[in-house]
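The structure under discussion is supplied below as structure tokens; questions concerning it will follow.
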Amino acid sequence: MLRYVAHRLLASIPVLFLVTLISFSLMQLVPGDPAILIAGLQATPEEVERVRRQLGLDQPFHVQLISWYAHLLRGDLGSSLLLGRDVLEVILERLPVSFSIALYALALTVGVGLLAGILAALRQNSWVDQLVMTVALLGVSLPNFWLALMFIVLFAVQLGWLPSGGYVDFREDFWGWLRATTLPAVSLAMLQMGLLARITRSTMLEVLRQDYIRTARAKGLPNHLVVGKHALKNVMIPVVTVLGIVLSLLLSGSVVIETIFSIPGIGSLLGSSILRRDYPVIQGGLLFVATMLLLLNLVVDLVYAWLDPRIRYGHGE
Amino acid sequence: MASEALATPLEAVAAPPKRRFPTLRRLLRHKLFLVGALLFGIVLTAALFADFLIQVDPNRISIRNKFRPPGSEWIFGTDNFGRSQWSRVVKGAQLSLAIGFGVVLLNALFGTLLGALAGYFRALDNVLMRIMDAFMAFPVILLAIGITAALGPGSINAVIALAAVYTPRTARIVRASVLVVREQAYIEAARAMGASHARILLRHVLPNCMAPLIVQLTFIFAYSVLSEAVLSFLGLGAEPPTPTWGNIIAEGRLYIREAPWITLIPGLALAMTVLGLNLLGDGLRDVLDPRLKVQQ
């Protein structure tokens with residue numbers, strides 16, 4: 001196990017290095033003079049010069065690259081052009097907001113998606129199966145930002161059950177938080193719920209055909225034990241592996257969903273930085289999210305290897 | 001296969017004559033594939049014949065007619081400038097599909113190239129795949145946002161960004177099939193006969209990796225149409241007044257209380273396209289490669 005942990009940790013170092021390099025390169029993609037773009041067309045030459053110096057754009061490429069890494073090693077992601085504050089500080093301040101909604105959406109995804117998938121597999125080709133699969137297919141096909149707008153029209157405007165936007169801190173008022181985050185979390189989770197239900201169903205169907213399930217049935221185990229104990233354990237393995245994808249999708253969706261529901265999280269921070277060309281925030285935000293995801297995936301992999309010894313010994317290809 | 005047929009010539013003769021296009025026949029028997037073909041076919045027809053279907057210029061402003069609900073005069077209603085929503089949504093279909101197609105094309109090209117190189121030449125594998133891993137560490141939309149934010153808004157830039165984001169995913173799938181195919185006996189045979197690497201790759205390896213690639217590209221088409229809508233919703237796609245489904249929804253959002261149809265209709269068009277493509281992808285996967293399960 002220790003060897004496997006060491007191997008995985010070492011393997012993630014070059015990827016992390018490349019991730020930082022990609023984030024850095026984004027700035028190099030800006031066509032023309034980024035300083036003029038950022039400062040705006042009305043800016044005086046002095047203002048443009050100030051922006052250029054602040055971003056280090058007056059330096060040659062290799063100096064910029066070295067200083068990017070020098071700052072990164074100190075945990076410095078630069079400072080926002082518009083907010084005039086440290087990027088990492090702003091991100092960390094907004095992290096609990098996005099994190100709480102992501103957790104809510106993740107709970108919905110796993111709870112509903114897994115259950116629906118198992119149910120559909122157990123009642124293959126019945127109306128339950130058909131219903132679950134239709135809803136799951138709609139879930140992966142309906143655009144989440146459009147769904148969010150439709151939810152607002154229905155549940156906030158027409159029925160008035162839930163607020164159409166805003167955020168309440170869960171440490172202050174849990175019910176307020178739940179009311180404010182339900183529509184965003186459901187809109188965010190739709191895609192993943194559909195995805196997970198589809199994967200769970202097909203995995204479950206495969207597992208139910210295995211010999212050990214037939215053995216369990218043959219020795220007279222009641223159905224709930226066959227499904228709940230023998231089948232479920234083996235269904236969980238592929239499900240754990242898609243959690244990384246699920247998290248990545250959640251974070252992808254958060255930009256639009258947080259913007260629509262005016263939630264002060266990392267997603268809406270990125271959303272508002274795009275149009276104002278606040279590049280340090282975009283760069284820093286992307287790097288932060290990607291690094292977090294890498295670490296989460298690493299943890300998922302290690303847990304996975306711990307659960308399934310075959311992975312530990314058979315790694316490589 | 002050939003040697004077996006030679007060894008048992010009688011059986012080969014006795015076998016019923018092979019039907020032509022077996023894959024196509026099986027696809028046509030797949031009900032959901034047909035539903036997908038119908039849904040996508042409608043959107044595709046609208047996009048191809050947009051100029052015949054549109055009577056009113058999608059950008060013609062007529063304030064007198066603003067906020068007309070869908071009806072006999074205005075099929076899809078009008079927006080806050082009194083522009084015909086029908087014209088705008090149909091024109092949007094054209095752009096959406098063009099962008100999706102562009103991303104698929106670039107994906108097919110670069111995904112196959114990178115995947116084949118990584119899978120076939122073991123020396124390149126590690127380096128290429130670590131680079132792909134790094135790209136895939138970023139959530140799809142976030143990286144696409146980062147790239148389009150840097151390049152500037154516009155359709156071409158959206159295509160470049162989405163191709164960059166999805167290519168590593170396609171490459172990984174191609175690599176996985178190349179890894180399997182390259183160990184087959186017929187590849188060894190080709191090598192023994194002195195075939196060059198290029199010939200082996202192009203003639204023997206890649207044709208046997210097509211099934212998962214086609215399935216993957218169908219899904220990439222669906223994801224790209226969806227992601228492009230997100231980008232243009234955020235103001236990173238084609239710039240107004242050029243209509244895209246994403247920017248129509250973004251504009252309609254401001255009038256969602258008094259004129260919900262502005263938002264509703266392009267969203268339905270988008271959902272129909274993506275649903276159609278997903279069903280096509282599912283059908284192709286079932287028929288071409290049943291071993292593949294839901295993949296990202």
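The values are calculated or read from the model by the stated rules, or taken from the named source; none is laboratory data. These figures come from a predicted structure and were not determined experimentally. Here Cβ is always computed from backbone atoms with ideal geometry, including for glycine, and neighbour counts include all displayed protein chains.
Could you go through the stretch B:204-212 and let me know if any residue there is within 14 Å of chain A (Cβ to nearest Cβ) and either surrounded by 19 or more Cβ atoms within 10 Å (Cβ to Cβ) or within 20 Å of A:Ile22 (Cα to Cα) (or both).
Applying the first criterion (within 14 Å of chain A (Cβ to nearest Cβ)) to the stretch B:204-212 yields none.
No, the stretch B:204-212 contains no residue that is within 14 Å of chain A (Cβ to nearest Cβ) and either surrounded by 19 or more Cβ atoms within 10 Å (Cβ to Cβ) or within 20 Å of A:Ile22 (Cα to Cα) (or both).
Take the residues in the stretch A:1-37 that are within 12 Å of another protein chain (Cβ to nearest Cβ) and among the hydroxyl-bearing types (Ser, Thr, Tyr), then tell me which one is nearest to A:Pro60 (Cα to Cα).
A:Ser25
Those residues that are among the small types (Gly, Ala, Ser) and either farther than 12 Å from A:Ser25 by Cβ or more than 7 Å from chain A (Cβ to nearest Cβ) (or both), I need them from the stretch B:132-152; list them, please.
Residues satisfying the conditions are B:Ala137, B:Ala144, B:Ala149, B:Gly152.
Under 7 Å between Cβ atoms, which residue pairs at least 6 apart in sequence (or on different chains) link something in the stretch A:39-68 that is under 19 Å from A:Asp278 (Cα atoms) with a partner that is assigned to a helix (DSSP H, G or I) and among the basic types (Lys, Arg)?
A:Asp58/A:Arg52
Which residue out of B:Ala123, B:Ala116 is free of Cβ contacts under 8 Å to residues at least 12 places away in the same chain, part of a helix (DSSP H, G or I) and over 18 Å from the mean Cα position of the chain (by Cα)?
Selected residue: B:Ala123, the only one of B:Ala123, B:Ala116 that is free of Cβ contacts under 8 Å to residues at least 12 places away in the same chain, part of a helix (DSSP H, G or I) and over 18 Å from the mean Cα position of the chain (by Cα).
Given the criteria out of contact with any Cys (no Cβ under 9 Å at 6 or more places or on another chain), among the basic types (Lys, Arg) and either closer than 16 Å to A:Leu243 by Cα or surrounded by fewer than 18 Cβ atoms within 10 Å (Cβ to Cβ) (or both), does A:Arg310 qualify? Break it down into steps so the answer makes sense when it comes.
Numbers: out of contact with any Cys (no Cβ under 9 Å at 6 or more places or on another chain): yes; among the basic types (Lys, Arg): yes; either closer than 16 Å to A:Leu243 by Cα or surrounded by fewer than 18 Cβ atoms within 10 Å (Cβ to Cβ) (or both): yes.
So A:Arg310 fits the description; yes.
Is the stretch B:154-169 home to any residue that is more than 21 Å from B:Ile99 (Cβ to Cβ) and either of a type in the set (Gly, Ala, Ser) or assigned to a helix (DSSP H, G or I) (or both)?
no
Next up: Report whether or not A:Thr215 is surrounded by 14 or more Cβ atoms within 10 Å (Cβ to Cβ) and not hydrophobic (A, V, I, L, M, F, W, C).
No: the conditions fail for A:Thr215.
Which condition does B:Asn126 not pass, out of (1) within 14 Å of chain A (Cβ to nearest Cβ); (2) touching a helix residue (DSSP H, G or I) at 6+ places or on another chain (Cβ under 7 Å); (3) within 25 Å of B:Cys209 (Cα to Cα), if it passes all the others?
(2)
Here is a follow-up. Restrict the check to the stretch A:121-131 and report whether at least one residue is in contact with a helix residue (DSSP H, G or I) (Cβ under 9 Å, 6 or more places away or on another chain), buried (at least 20 other Cβ atoms within 10 Å of the Cβ) and farther than 26 Å from A:Leu26 by Cβ.
yes
Name the one entry in B:Arg172, B:Arg191, B:Arg203 that is part of a helix (DSSP H, G or I) and under 14 Å from B:Gly119 (Cα atoms).
Numbers: B:Arg191 fails: under 14 Å from B:Gly119 (Cα atoms); B:Arg203 fails: under 14 Å from B:Gly119 (Cα atoms).
Result: B:Arg172 is the single residue among B:Arg172, B:Arg191, B:Arg203 that is part of a helix (DSSP H, G or I) and under 14 Å from B:Gly119 (Cα atoms).
Name the residues in the stretch A:58-80 that are more than 30 Å from the chain's Cα centre (by Cα) and in a loop (DSSP other than H, G, I, E, B), would you?
If the condition is that a residue be more than 30 Å from the chain's Cα centre (by Cα) and in a loop (DSSP other than H, G, I, E, B), then A:Asp58, A:Gln59, A:Pro60 are the ones that fit.
To continue, here is another question. Looking only at the stretch A:180-194, decide whether some residue is within 14 Å of another protein chain (Cβ to nearest Cβ) and outside any helix (DSSP H, G or I).
No: the stretch A:180-194 contains no residue that is within 14 Å of another protein chain (Cβ to nearest Cβ) and outside any helix (DSSP H, G or I).
I'd like to know if the stretch A:86-102 contains one or more residues that are at pLDDT 85 or above, over 30 Å from A:Pro238 (Cβ atoms), more than 14 Å from every other protein chain (Cβ to nearest Cβ) and not in a helix (DSSP H, G or I).
Checked against the condition, which is being at pLDDT 85 or above, over 30 Å from A:Pro238 (Cβ atoms), more than 14 Å from every other protein chain (Cβ to nearest Cβ) and not in a helix (DSSP H, G or I), the stretch A:86-102 yields at least one hit.
When B:Ser62 is evaluated against the numbered criteria (1) more than 30 Å from B:Arg182 (Cβ to Cβ); (2) of a type in the set (Ser, Thr, Tyr); (3) surrounded by 19 or more Cβ atoms within 10 Å (Cβ to Cβ), which criterion, by number, is the only one it fails?
The number of the failed condition is (3).
Looking at the stretch A:38-57, which of its residues are within 14 Å of another protein chain (Cβ to nearest Cβ) and in a helix (DSSP H, G or I)?
A:Ile38, A:Leu55
Any residue in the stretch A:221-244 that is assigned to a helix (DSSP H, G or I), within 14 Å of chain B (Cβ to nearest Cβ) and of a type in the set (Gly, Ala, Ser)?
yes
Moving to a separate point now. Out of (1) surrounded by fewer than 18 Cβ atoms within 10 Å (Cβ to Cβ); (2) more than 19 Å from the chain's Cα centre (by Cα); (3) more than 14 Å from every other protein chain (Cβ to nearest Cβ), what's the single condition that is false for B:Ile200?
(1)
Considering every residue within the stretch A:254-265, establish whether at least one is in contact (Cβ under 8 Å) with a residue 24 or more places away in the chain, in a helix (DSSP H, G or I) and within 16 Å of B:Ala144 (Cα to Cα).
Yes, the stretch A:254-265 contains at least one residue that is in contact (Cβ under 8 Å) with a residue 24 or more places away in the chain, in a helix (DSSP H, G or I) and within 16 Å of B:Ala144 (Cα to Cα).
Would it be correct to say that A:Ser268 is within 15 Å of the chain's Cα centre (by Cα), polar (S, T, N, Q) and either crowded, with 23+ Cβ neighbours inside 10 Å or within 8 Å of chain B (Cβ to nearest Cβ) (or both)? Lay out the reasoning, then the answer.
Values: within 15 Å of the chain's Cα centre (by Cα): yes; polar (S, T, N, Q): yes; either crowded, with 23+ Cβ neighbours inside 10 Å or within 8 Å of chain B (Cβ to nearest Cβ) (or both): yes.
Yes; evaluated as a whole, the condition is true for this residue.
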